[in-house]
Amino acid sequence: MTSARRRSYGVKGAPYAHPSPTTTLKRARSAPYFFLLPATILFALFFALPIGYAVWLSLHKVQVKGLGLGSGARSEVWAGFENHTDALTDSELLDGALRVLGYGAIVVPVMLGLALVFALMLDSDKVRLAPFTRLAIFLPYAVPGVVAALLWGFLYLPDVSPFYFVLEKLGLPQPELLDGGGLYAALSNIAIWGGTGFNMIVIYTSLQAIPAEVYEAAKLDGATPLQIALRIKIPMVASSLVLTFFFSIIATLQVFSEPTTLKPLTNSVSTTWSPLMKVHRDAFGEGDIYSAAAGAVIIAVATLVLSFGFLRAANSRTKQEAAR
């Protein structure tokens, strides 16, 4: 007797048909696109589409006929680069850009310097309570920018600040932090307090990835902890420093929450203190969304040019050092 032939059955007893190699290959090639589809849709709806709409608005303007009354008196017409030209020649936007540059000159080096020092200290073998210290340094980053600005804003007010009360009792001078040059220090302090923790975590993670054998070899050669930090650790985390500097530049050029939150507390912060504040004023204060869109496009282009220019310079320097 011969044994019964085994057959594979699918639904309703029909033999199961195995897919051909061509079909399997097509499915394998198309699978990544199905995984990318949700992210692509979200990117298009909430990133690419708003950017495209802002660019489109920046190239148009409203043309008013007669007194601007009645239907058809206001129409949207093509303006080309007229809005961009007006924005680039606007003294308020240029003054805001200069203020942001001064603000960034304080924030970026101080914040990254503190982040590097804290990361090196936490990476030391002699540090105590490292988990608690990491959490304490990182915790301000978890506080929303508006909340942080409100907290520090009340600490800057002489009538309610405990710091001013202590200075008054000690007979020490009381600085004016919401006026003049002190305003830059006040705004910079909020950004440094909130951003140091994040940058510290990035640098500290990079330090943890350095093999322990590198430190052991340096100690055998008689290197001190300071020499190890300056000649080994900092050069090996240069890529992380570049990354944090890149993020800091973008955040500085887009400063908005801190001066906007402190504005009700002082007359020194105008509605055009920063370029983004001017864009907000034009769009929601004056109702000129076309000029606001042109200003937003200019800020985005400036951020893109500065960021990629810095990255290109950093990459070229890295290649030169590697060639040596």
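Could the peptides 294-307, 158-171, 249-262, 188-201 be put in order, highest first, of the mean number of other beta-carbon atoms found within 10 Å of their residues?
Highest-to-lowest ranking by the protection proxy: 188-201, 249-262, 294-307, 158-171.
Compute the Cα gyration tensor for segment 243-324, then decide on rounded, prolate or oblate, letting a ≥ b ≥ c be the square roots of its eigenvalues: rounded whenever a/c is under 1.5, prolate when a/b is larger than b/c in the other cases, and oblate in all that remain.
It comes out oblate by the Cα gyration axes.
In deg cm²/dmol and to the nearest 500, what is the mean residue ellipticity at 222 nm of the chain if only DSSP H runs of at least 4 residues count, each as -39500 (n - 2.57), divided by the residue total?
-20500 deg cm²/dmol
Past 25 Å, Cα to Cα: identify those pairs from Lys126/Lys233; Lys65/Lys278; Lys233/Lys319, in the order given.
On the way: Lys126/Lys233 16 Å; Lys65/Lys278 27 Å; Lys233/Lys319 19 Å.
Violating the 25 Å limit, Cα to Cα: Lys65/Lys278.
Counting only protein heavy atoms, what percent of the accessible surface of the chain is carbon or sulfur at a 1.4 Å probe? Each step should come with its number before you reach the end.
Values: 14120 of 21200 Å².
Carbon and sulfur together cover 67 percent of it.
Which of these, Ser75, Ser239, Ser91, has the largest mean-square fluctuation under a Gaussian network model of the chain (Cα springs below 10 Å)?
Ser75
Might you work out the accessible area of Trp152 for me, using a 1.4 Å probe with all protein chains in place, and round it to the nearest 10 Å²?
Roughly 50 Å² of Trp152 is accessible to a 1.4 Å probe.
In the chain, with Lys and Arg counted as +1 and Asp and Glu as -1 at Cβ, which of these residues, Pro109, Leu155, Pro235, has the Cα nearest the positive end of the dipole, that is, farthest along it?
Pro235
Going toward the positive end of the dipole of the chain, with +1 on Lys and Arg Cβ and -1 on Asp and Glu Cβ, which of Leu94, Pro38, Gln320 do you reach last?
Most positive-ward Cα: Pro38.
Quick one: order Phe81, Phe245 from most to least accessible surface, probe 1.4 Å.
If we order Phe81, Phe245 from most to least accessible, we get Phe81, Phe245.
If you wrap a convex hull around the alpha carbons of segment 92-323, what volume per residue comes out, as a whole number of Å³? Don't jump to the answer; show the numbers that get you there.
Details: hull volume 36.3 nm³, N = 232.
For segment 92-323, the hull spanned by Cα atoms encloses 156 Å³ per residue.
The values are calculated or read from the model by the stated rules, or taken from the named source; none is laboratory data. On a predicted model such as this, the values are computed, not experimentally measured, just so you know. Reconstructed Cβ throughout: ideal geometry from the backbone, glycine too, with neighbour counts over all protein chains shown. Accessible surface areas use protein heavy atoms only, side chains included; no ligands, DNA or RNA. Shrake-Rupley method; radii C 1.70, N 1.55, O 1.52, S 1.80 Å.
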